[in-house]
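In what follows, a structure is listed as structure tokens, so that the remarks can point back to it.
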Amino acid sequence: MVSAGDMNGSGNLMDFLDEPFPDVGTYEDFHTIDWLREKSRDTDRHRKITSKSKESIWEFIKSLLDAWSGWVVMLLIGLLAGTLAGVIDLAVDWMTDLKEGVCLSAFWYSHEQCCWTSNETTFDDRDKCPQWQKWSELLVSQSEGASAYILNYFLYIMWALCFAFLAVSLVRVFAPYACGSGIPEIKTILSGFIIRGYLGKWTLLIKTVTLVLVVSSGLSLGKEGPLVHVACCCGNFFSSLFSKYSKNEGKRREVLSAAAAAGVSVAFGAPIGGVLFSLEEVSYYFPLKTLWRSFFAALVAAFTLRSINPFGNSRLVLFYVEYHTPWYMAELFPFILLGVFGGLWGTLFIRCNIAWCRRRKTTRLGKYPVLEVIVITAITAIIAYPNPYTRRSTSELISELFNDCGALESSQLCDYINDPNMTRPVDDIPDRPAGPGVYTAMWQLALALVFKIVITIFTFGMKIPSGLFIPSMAVGAMAGRMVGIGVEQLAYHHHDWIIFRNWCRPGADCVTPGLYAMVGAAACLGGVTRMTVSLVVIMFELTGGLEYIVPLMAAAVTSKWVADAFGKEGIYEAHIHLNGYPFLDVKDEFTHRTLATDVMRPRRGEAPLSVLTQDSMTVEDVETLIKETDYNGFPVVVSKDSERLIGFAQRRELILAIKNARQRQDGVVSNSIVYFTEDPPELPPNSPHPLKLRRILNLSPFTVTDHTPMETVVDIFRKLGLRQCLVTRSGRLLGIITKKDVLRHMAQMANQDPESIMFN
């Protein structure tokens, strides 16, 4: 027998794994990261850097650079995200106007920019200038008449189809992951799931280009959700430049959380709202350090966008408004009604959209994504053009609906009858009955509302970048503006009613229809996404009106209550479940009285658990076990008889370790003994060199007893981000519970198909 002492000569060979080898600690595609392990690795790395920093000035400087690298990454993310958002805004503005006409003095100018430079523009006809020509004027020298209208109509549809076809083709050929809003996938990635390529350079490039094309095509979608995906792609790119983040998936996700905040910051011009959105809606693990860094990234991104000034109004968003009229307590009733509408619309949208997306997945419809995009674009363009409220871009529509009617407004919505000879009693509101333009606008808005509600259901989820924030806000803003005009006219015609009698000072506007549009927009967005705090902050950052927080809060909370009464899932969680991503939602409650022994594998009648022993298996035995199973890892026990647990070894690291040992260590052959103990086992003389794999062994795997309630197990998986958990009784291994086992069990308890959680 050869003792450990006789083998000292080969000790260095056997301990070759004390030096890390390539790819150790990385994860395969569509696997979940081990948060505890990543945290432990980062702590070890930090401890090593701190101890080395005392050795020399150079090591001290390196430790400072390491500490500052996080802030540098945030700065770079903010700069790139802000720049891309500015470029997207400018390009969308130009290409949206390109569907209707072209600027002769400089074809790259949008309609507004073209008329800014003109000296022949009058205030009343500020949208008309000789430099800007509609396609009918340019091609057939006619601006009015049936032939001009038909030509403009035809070219509007052709441009829309051209943009949409180019976008869906680019996505299909170069970056299939660039489709959708990206937020469901980012939520899943931030919870620890690996989807390689989803945040890659090609995805970033194609998503940026196609986002401009699809928004310009006039489809009922927004750029705000995809901008979060774009910002996270920027975060992933800059993370890969710093080993602190590129080699640690847990640290990388801290950067991605901050990048999501920067994305919302530039999407809405709302830096604080962006940080709260990342905290409330997207992030899974959000330590205090990430909160500060998110704040910094959002600040830099907003500052960069402000420097570019894409809208030419020194604001970060197109629909910035300021109201000068206070709101009154009696108005809370219509605000709450708008909240109810938002909750009902959110429920309707989620159910119909998920049903349509499921149909797309399970029928032949899913095989023709290009045709689907072309058909939906054609229907949208054909129906949208005749109605001025659906023809323009959705952001411009929301901007007009939010606007307060001032003396200089030329919108149809502000066509009130102003008679200077009319007397105004002291206790009356200003006499402003609605004119014909307002009534025309009302029925056009009603038609536009029905159209938006229906078409958005079919648009969201197609194989193109598609955000949901702007269409949801548009639905709410249209409903809100109509309610606002209704309340305003009611107050005018029935000013002697007790609820209106003491509202206003003489000469002041009592009801602001634009405020109702804003509250309606918040209610509908809240009903679809189930956001509350971040939603209210985003909305008041949009409008700059702190005094309207209470109406916004009332509408947001009401819409969430109403929507939650029909189902707890928001649109993003619904799409996560539809796609089968392994996502454990922190908001879900598990109230069933099951135990770990009910969920663990193996079950009764199943084959025993595949395990490794600490010092009695050969390299060939281990390789056979790996080949015959597809498990992500194996528990290591003292022996198959005692089944006393020693630790846990990951499949990927076993494969890499054996492969490296065969290449770098002499004497390792198929019948070499693999051991996970500190000292080698006693072996017969002339036996091949054993292989020590203790370094890849996790000596502190998370364990629970077989009588642990599943409520506790689910909580542990959520809060610690575990991949798997071993089940023991008195130190003896009984089974294993993986994250997918937990998700399957939760689905089963909720009377759903347990296999529906498998990644699709």
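Some points to look at:
- Residue satisfying all of: in region 46-84; outside any helix (DSSP H, G or I) and of a type outside the set (S, T, Y); farthest from K251 (Cα to Cα) among these: E55
- Qualifying positions in region 324-354 - open to solvent by 60 Å² or more (accessible area, probe 1.4 Å) and either touching a residue at least 24 places away in the same chain (Cβ under 8 Å) or more than 17 Å from P513 (Cα to Cα) (or both): H324, I336, L337, F341, L344, L348, R351
- Residue ID - least open to solvent (accessible area, probe 1.4 Å), chosen from residues in region 49-63 that are closer than 20 Å to Y245 by Cβ and free of Cβ contacts under 8 Å to residues at least 12 places away in the same chain: S53
- Within region 280-290, restricting attention to residues that are hydrophobic (A, V, I, L, M, F, W, C) and in contact with a Leu (Cβ under 9 Å, 6 or more places away or on another chain), the residue that is most open to solvent (accessible area, probe 1.4 Å) is F286.
- Within this structure, D42 passes the test of being charged (D, E, K, R), open to solvent by less than 50 Å² (accessible area, probe 1.4 Å), at pLDDT 90 or above and not assigned by the TED database to the domain that holds S240.
- Per the listing R593, R603, the residue uniquely free of Cβ contacts under 8 Å to residues at least 60 places away in the same chain and assigned to a loop (DSSP other than H, G, I, E, B) is R603.
- Scope region 535-569; condition within 23 Å of S181 (Cα to Cα), modelled with pLDDT of 90 or more and surrounded by fewer than 24 Cβ atoms within 10 Å (Cβ to Cβ); matching residues: V537, K560, D564
- Exactly one residue among R306, R315, R293, R359 is over 28 Å from G514 (Cα atoms), among the charged types (D, E, K, R), out of contact with any Lys or Arg (no Cβ under 7 Å at 6 or more places or on another chain) and surrounded by fewer than 20 Cβ atoms within 10 Å (Cβ to Cβ), and that residue is R359.
Table: residues versus (1) surrounded by fewer than 22 Cβ atoms within 10 Å (Cβ to Cβ); (2) closer than 18 Å to C405 by Cβ.
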site: G435; (1), (2): yes, yes
site: Y439; (1), (2): yes, yes
site: I453; (1), (2): yes, no
site: M462; (1), (2): no, no
site: G476; (1), (2): no, no
site: G480; (1), (2): no, yes
site: G486; (1), (2): yes, yes
site: H495; (1), (2): yes, no
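- The test for being touching a strand residue (DSSP E or B) at 6+ places or on another chain (Cβ under 7 Å) and either among the polar types (S, T, N, Q) or modelled with pLDDT of 85 or more (or both) does not hold for N119.
- Checking each residue in region 128-187 for being within 19 Å of T96 (Cα to Cα), in contact (Cβ under 8 Å) with a residue 24 or more places away in the chain and of a type in the set (S, T, N, Q) picks out Q131, Q133, N152.
- Take the conditions (1) basic (K, R); (2) without any contact (Cβ under 8 Å) to a residue 60 or more places away in the chain; (3) more than 30 Å from E280 (Cβ to Cβ); K587 misses just one of them, which is (3).
- Scanning region 211-258 for residues that are closer than 17 Å to S393 by Cα, in a helix (DSSP H, G or I) and among the aliphatic types (A, V, I, L, M) gives L211, V212, L213, V214, V215.
- Residue pairs whose Cβ atoms lie under 9 Å apart, sitting 6 or more positions apart in sequence or on different chains, and linking a residue in region 30-48 that is among the hydroxyl-bearing types (S, T, Y) to a partner that is part of a loop (DSSP other than H, G, I, E, B) and surrounded by fewer than 20 Cβ atoms within 10 Å (Cβ to Cβ), are T32/I194; T32/N632; S40/S700.
- Cβ pairs under 6 Å, 6+ apart, first in region 685-698 and within 15 Å of D621 (Cα to Cα), second in a strand (DSSP E or B) and β-branched (V, I, T): P690/I673; L691/V674; L693/V674
- Residues in region 622-637 that are of a type outside the set (S, T, N, Q) and assigned to a loop (DSSP other than H, G, I, E, B): D630, Y631.
- Scanning region 557-580 for residues that are under 20 Å from the mean Cα position of the chain (by Cα) and either in a loop (DSSP other than H, G, I, E, B) or under 26 Å from P271 (Cβ atoms) (or both) returns K560, K568, E569, G570, I571, Y572, E573, G580.
- Residue satisfying all of: in region 724-742; part of a strand (DSSP E or B) and touching a Cys at 6+ places or on another chain (Cβ under 9 Å); surrounded by the fewest Cβ atoms within 10 Å (Cβ to Cβ) among these: T738
- Among the residues of this structure, N698 counts as one that is open to solvent by 20 Å² or more (accessible area, probe 1.4 Å), touching a strand residue (DSSP E or B) at 6+ places or on another chain (Cβ under 6 Å) and of a type outside the set (F, W, Y).
- The sole residue among L190, L161, L199 that is among the aliphatic types (A, V, I, L, M), touching a helix residue (DSSP H, G or I) at 6+ places or on another chain (Cβ under 6 Å) and open to solvent by less than 10 Å² (accessible area, probe 1.4 Å) is L190.
The values are calculated or read from the model by the stated rules, or taken from the named source; none is laboratory data. All figures in this text were calculated on a predicted structure; none of them were measured in a lab. Positions of Cβ are generated from backbone atoms using ideal geometry, with glycine treated the same way; all protein chains shown enter the neighbour counts. Surface accessibility is based on the protein's heavy atoms, side chains included, excluding ligands, DNA and RNA. Shrake-Rupley method; radii C 1.70, N 1.55, O 1.52, S 1.80 Å.
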